[in-house]
Each structure stands twice: as structure tokens, then as C-alpha cells.
Amino acid sequence: MKSKYKIKISGRNINYFLNTLISKGVFFELIDKDRKNLIILVDEGNYTIIKNIKTSYKISIINFYGFNHIKSIFKQYYSFIISFFICIILLVITSNFIFNIQINSNNEKLVKIIREDLKVRGVSKYKFKKNYKEREKIISEIVKEENNNIEWLEINSVGTRYIVNILERKKNNIESKCLPSNIVASKDAIIVNIEAISGEVKTSINQSVKKGDVLISGNIFNKDEIVNSKCSRGKVIGEVWYQVYVDLPIHYYEENVTGKVERKIEFLFFNHKSSSSYKTYKSKNIDILSNKILPIRLSYVEYYETKVINKKFNIDNVDKFAINKATNKLNKKLKLGDKIVLKKILKKEQKNSRIIVGVFFKVYEDISKEELITNGDDENDRASQ
């Protein structure tokens, strides 16, 4: 690419300098001319001849073309260009880093074991990704080592994270020796359903029971005497009542993380940045590269989606929200399989800037509790007959 210069020559008698150029055999392209100024386009060799002419005329470069133009731009934006290419290199490097490892399993103990197995083999946060062949080798080693715990394992690379899926090995549960026992009520309730596998049923449907009452007995009587004791097995569903109170401010604001996460490597220019696709979110970022002179920053950002509730309550419009809030509160105490069959507002009261709501719940839940039979349990049984 041939370099050219666009130069301006200024002086009193511009025609004289023009004739000088012609006499010295300088090849040029005339751009513009007036009485005191001459603008021409010359190549690098002819520009050198012009520079060596001893003259009082003022000679200045207006612009560069060709290689010298590129060279001029590079000099002018040297720091910016170098920083830009460093950022690109770092972006490529960081895209090959692991910033998060997600292990999909409900077994927390197994998750810890697999995470440690991966770490031993160099798979952990802020380490370089493994290629396909290396990942297959790691999978094979872990499956072999954890043969008693897992059937199958896979490691998927998604962006800057690994998603690890596990198929847990199902073990045959060896039934423990069943000792003589009663099934008793774990709380006050009204009996809804009885499923007795072994033992003698001591209650009936719609009967009210107190906490500790024997529901299914393991004692076998002959008249009034216990002749034997065995293991009681069964499940008793009871109707249990709850009252849950919710205290809400009139001006209510709540922001909760939903669990959805968006991860990005962001290259920021002049404080401009790409934002999350989530409508509301919280973010956490780690600067990989920043420059105090230039407005450039390379960051790893995690966006956490949030759900915002911003309401103004009064006695008339609080019911639905209060019931939902009370239901969530109660569900934290209930077991899997327990079923809420009725919920209604008992009372509402406004105190200063707060509203207090009492919610009544009727719940069907498993109230059966196994209790080993001791020497004094025969009296308990006879009392419940």
C-alpha cells in the first residue's frame, strides 16, 4: 500500500514555489491553489524532496493516505487499540474458564461427594474447561469410583458453566427388625382415615384424639391380660386445625430472587453495558480487566431474576394476599403429602400503619407416630379400649 501525503504550502509568491517543484522534477497532484496557498498530493519519495528544499515557505501535512495513514491512526489511538486487543484476548481466555458448576441432584450428601471428586480431577470454579476427551475420562473414573452411589453421570458445558447430571443408584432398603410398638397420635386431631397394616386399631373415623393417644396397638390381649406384643404398622390421617397470623405494613414492598440466573461476560465501553433480559434483577459482577485511563472494563456478571411486590393495603383488599402469605408460612411446617382443605379469614385489625390478619386452616395430615412398647404401656392400652 503506497503512502501519500496531502500537504499545504503557504507563502507570499506561491507561483514561484510551484515553479521550483517543477524544476526539481517533483511529481505531484494539484488539489487546490490560491495566491498564498498551494495544496498538493505527493508520494513519500517526492515529499522527502520537498522537505529538503531550503525555503521560507511554510510546509505542513494536512492528511496521510496508505500505510502512513494506518500508522498515524495507530499512533493516535495506541493505548486504546492495545487495550482493546488485550480485552479480546482476555475475553477468549475467560470464555474457556469455569465460573459455575451446577450439580443436579436432590441428594445433598451425594452432591458434595461428586463436587469433591470433580475438584480432585481439576474440575472446579475458576479453572480452565476440559476438552471432550478429558471430560469423558473424568466421567468414567467417577462412575467407577462411586459405583455404589451412582448409575450414570454426564458433564455438559454451557457457556462458562458446567451442568452435571446424576442418576442415583437405587439401593434395596433392608427392612430393619420391627420391635413391639404402638402407633400414637403426634398431635390433637379428628380422625379422617385409617390404614392399618398390622396391629389392633384403637380409634375410628370422626373420633377426636389427643396427642399421645394410641391409634394402632401392638399389644395382644386375652381378656385383660397382655399375652404378646408385636410391631404396629399403619398410617392414620387426621384433621388438624391451625391459626396463622400475618402482620403486614400498609405500604408493602418485597423483592425476592426467583432462582433463575443469567451469566455473561460483558465488555463495557464509556459506561455503556448490556443489561439482563429479566425485567427486575439483582446483579453481582467481578472485574476481569479495567483501565483507569480509558473507559474500558471487562467483567463477569451474574444476573439474578427477582419478583417485586409493591402494594398498598387496606382492610378491604388485604384478604387474598394475607391468605397466600399465611399459606406459605404454614407450608414450611407441614410435611410432604399434608393437604390444606380449608382456609378462611378469622379476623382483621388495623393498628397504626400495619394490618394484622388471622387465618384459619383445616389440614389433613399424617398424625401417626411409632412408639416402642415398654412395660407400662398395657395400662395405656386398656384405658383407650
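With respect to being modelled with pLDDT of 90 or more, surrounded by 19 or more Cβ atoms within 10 Å (Cβ to Cβ) and either in contact with an Asp or Glu (Cβ under 7 Å, 6 or more places away or on another chain) or hydrophobic (A, V, I, L, M, F, W, C) (or both), Ile166 falls outside the description. All of (1) at pLDDT 85 or above; (2) over 14 Å from Arg161 (Cα atoms); (3) aliphatic (A, V, I, L, M); (4) surrounded by 14 or more Cβ atoms within 10 Å (Cβ to Cβ) hold for Val120 with one exception: (4). May I ask you to verify whether Ser176 is modelled with pLDDT under 95, surrounded by 12 or more Cβ atoms within 10 Å (Cβ to Cβ) and of a type in the set (Ser, Thr, Tyr)? Considered against the rule, which asks whether it is modelled with pLDDT under 95, surrounded by 12 or more Cβ atoms within 10 Å (Cβ to Cβ) and of a type in the set (Ser, Thr, Tyr), Ser176 comes out as no.
Scanning the range 363-377 turns up at least one residue that is buried (at least 16 other Cβ atoms within 10 Å of the Cβ), over 30 Å from Ile81 (Cα atoms), modelled with pLDDT of 95 or more and touching a Phe, Trp or Tyr at 6+ places or on another chain (Cβ under 7 Å). Within the range 208-254, the set of residues being loosely packed, with under 12 Cβ neighbours inside 10 Å, farther than 22 Å from Asn328 by Cα and at pLDDT 90 or above comprises just one member, Lys210. Beta carbons closer than 9 Å, at least 6 apart along the sequence or on distinct chains, pair a first residue in the range 200-211 that is farther than 15 Å from Arg233 by Cα with a second that is among the hydrophobic types (A, V, I, L, M, F, W, C) and assigned to a loop (DSSP other than H, G, I, E, B) for Val209/Ile367; Lys211/Ile367. The single condition among (1) surrounded by 13 or more Cβ atoms within 10 Å (Cβ to Cβ); (2) over 30 Å from Tyr132 (Cα atoms); (3) modelled with pLDDT under 80 that Ile73 does not meet is (1). For the range 208-244, a residue qualifies if it is basic (Lys, Arg), out of contact with any Pro (no Cβ under 9 Å at 6 or more places or on another chain) and over 25 Å from Phe361 (Cβ atoms), and the qualifying residues are Lys223, Arg233. When the residues of the range 277-288 are filtered to those that are at pLDDT below 80 and surrounded by 13 or more Cβ atoms within 10 Å (Cβ to Cβ), which remaining residue is farthest from the chain's Cα centre (by Cα)? Once the filter is applied, the top-ranked residue is Ile288.
The values are calculated or read from the model by the stated rules, or taken from the named source; none is laboratory data. Bear in mind the structure is a predicted one, so any value in this text is a computation, not a measurement. Neighbour counts are summed over all protein chains in view; Cβ atoms, including those assigned to glycine, are modelled from backbone coordinates with ideal geometry.
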